[in-house]
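Have a look at the structure below, then the notes.
The values are calculated or read from the model by the stated rules, or taken from the named source; none is laboratory data. All figures in this text were calculated on a predicted structure; none of them were measured in a lab. Note: ideal-geometry Cβ built from the backbone for every residue, glycine included; neighbour counts use all protein chains shown.
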Amino acid sequence: MLISLYTSRKILEALGVEDYGILNVVGGVISMLTFLNGSMSVATQRFLTVELGRKDYGGYNRIFNMAMLIHVALAAFILIGAETVGMWFVNAHLNIPAERMYAANCIYQATVLSALLGVLQTPYHASIVSHERMHVYAYAGLSESFGKLFLVLALLMYPYDRLVVWGFAMFVLQFTAAMVYRIYCIRQFRECKLRLVWNKKIFYSMAGFTGWNMFGTIAWLLKDQGTNILINLFGGPVVNAARGVSCQVTGAIQNLTNGFQSAVNPQLTKKCAAENRDATCRLLCKSSKISYFLLFLVALPVMLEIDFVLDLWLVEVPPMSSLFTRIIIIEALFSTLGSPMITALMATGKIKWYQIIVGSLLLFDIPVAYLLLKCGYPIAIPLVVSATFILLGNAVRFRFCRKQLGLSGKQYSWNVLFPIVAVTALSLICPLGIHVSMPEGWSRLLLTTLVSCLTVSVLTYTIGLSASERTFIVSWVKPKIKQFIHAK
């Protein structure tokens, strides 16, 4: 998180506000073209994890090779779309100054290469997660973060067009990381051996799952990147830079939660595949609650002190960055509650009506935001609308979890909603009082952060966790303390 925040600061310093905005909006166009990979990634992860749960390594290898074949076809499809429709959209419709069009086209091509690499890497990444080799995931992530930091520091010394160089440098870094993942999988997992395989049954099964999931993926993508394009059309690259900064801050503080959820997701899928509904619902509730508390622990002081943090962090703060950051963090908190439900529902394989209903709901996001902008509402309104639709989507997901998994309203309310509402409300009192009563500066930042973290931690332990969860934590922490004392 710390490396990511510092790197983002240096990227903005190296590129400037306008080029940073161009980087974000052009990257959004590529994201819209890779919607199929998002759907296939979920399908690949789900099918591989299920086979691993069954200990069917032959089936795992067949699915792995079918997934590789499908992803090669997807990469070809994305390349054609990127070099035709995508290229036309960037040059004809995005709000980019004429003198920066050449740089925008160069960064577009670099982003296309990175996207294709990501598509071809999906089965290997899914294999590491399904085998729960989280240490590899962590080491690779840390190495990639340090590599990105090294590149941006080198970029500051480059005197020419930095936007162009940055795009291709990032591709080289991602290519290196992809090779590390690939070599590890080939050496460690015999079931990841490449073979030319065609299995009609597996193809139709994965294609059917992907087809329905694709509808939801498209809706999600339109909601997310559509918001970015709306902001560009109504506000220009500078406002895109503000959203880019906000997303960088939120993405950095979400790293802790994402790591936790990545570790939990295979367990959720395996329990669901074993048709153990009670264990699935218990794990769903625990992971939802703990994910929220982990994110809230970091998010609370950031939200309160975001103006001072941005001034310290960035050389030039894009206008409206602090407001955008607060809204996007709130949306991230809502999304955190939805992620375990999505994983569990995907594991059931019965996603047709779930994707139709939730996807249809999310498709209303951009039209509503567009109409409000046309009516003269502030440029931040698309972010508010986006957060609102995330909350509505969670309500619909719960209904499906109740129907397909047997998750009761009482169980979810008592184990998830009541604890997070109580901890959130009580945690605000002391830090907010300090924020209001003290002048902005280092003293307030440090005191607010200390009190926020202490308050959230104590309230999470006393109110947020159940008696059995507290017992587990004590039984895990005590031996660690004894080992430390003994070592001393």
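A compact table of results
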read-out: LEU450 vs. criteria surrounded by 14 or more Cβ atoms within 10 Å (Cβ to Cβ), touching a helix residue (DSSP H, G or I) at 6+ places or on another chain (Cβ under 9 Å), hydrophobic (A, V, I, L, M, F, W, C) and farther than 12 Å from LEU304 by Cα; value: no
read-out: Pair list, Cβ under 7 Å, 6 or more apart: segment 221-249 residue touching a residue at least 24 places away in the same chain (Cβ under 8 Å), other residue of a type in the set (Lys, Arg); value: ASN228/ARG243; ILE231/ARG243
read-out: Selection from segment 436-462 of residues that are over 24 Å from PRO419 (Cβ atoms) and either touching a residue at least 12 places away in the same chain (Cβ under 8 Å) or within 27 Å of the chain's Cα centre (by Cα) (or both); value: GLU440, GLY441, ARG444, LEU445, LEU447
read-out: Pair list, Cβ < 7 Å and 6+ apart or interchain, from segment 164-189 residues that are surrounded by 14 or more Cβ atoms within 10 Å (Cβ to Cβ) to residues that are not in a helix (DSSP H, G or I); value: VAL165/TYR158; PHE189/HIS131
read-out: Filtered residues of segment 300-315 (kept if in contact with a helix residue (DSSP H, G or I) (Cβ under 9 Å, 6 or more places away or on another chain) and of a type outside the set (Val, Ile, Thr)); value: LEU300, PRO301, MET303, LEU304, GLU305, ASP307, PHE308, LEU310, LEU312, TRP313, LEU314
read-out: Condition check for ALA279: surrounded by fewer than 22 Cβ atoms within 10 Å (Cβ to Cβ) and over 15 Å from the mean Cα position of the chain (by Cα); value: yes
read-out: Helices (runs of 4 or more DSSP H) completely within segment 311-379 that count 2 or more residues being under 30 Å from PRO266 (Cα atoms); value: 321-348, 352-363
read-out: Test: residue in segment 316-339 that is aromatic (Phe, Trp, Tyr), in contact with a helix residue (DSSP H, G or I) (Cβ under 7 Å, 6 or more places away or on another chain) and over 19 Å from ASN415 (Cβ atoms); value: yes
read-out: Residue, farthest from VAL17 (Cα to Cα), within segment 202-258, restricted to residues that are buried (at least 19 other Cβ atoms within 10 Å of the Cβ), among the hydroxyl-bearing types (Ser, Thr, Tyr) and out of contact with any Lys or Arg (no Cβ under 9 Å at 6 or more places or on another chain); value: THR210
read-out: Residue match in segment 79-92 (condition: small (Gly, Ala, Ser), without any contact (Cβ under 8 Å) to a residue 12 or more places away in the chain, in a helix (DSSP H, G or I) and touching a helix residue (DSSP H, G or I) at 6+ places or on another chain (Cβ under 8 Å)); value: no
read-out: ALA138 vs. criteria at pLDDT below 80 and either under 30 Å from PRO237 (Cβ atoms) or of a type in the set (A, V, I, L, M) (or both); value: yes
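Yes/no matrix, rows are residues, columns are (1) among the polar types (S, T, N, Q); (2) modelled with pLDDT of 90 or more; (3) touching a Leu at 6+ places or on another chain (Cβ under 6 Å); (4) exposed (fewer than 15 other Cβ atoms within 10 Å of the Cβ):
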site: VAL416; (1), (2), (3), (4): no, yes, no, no
site: VAL423; (1), (2), (3), (4): no, yes, yes, no
site: GLU440; (1), (2), (3), (4): no, no, no, yes
site: PHE472; (1), (2), (3), (4): no, no, no, yes
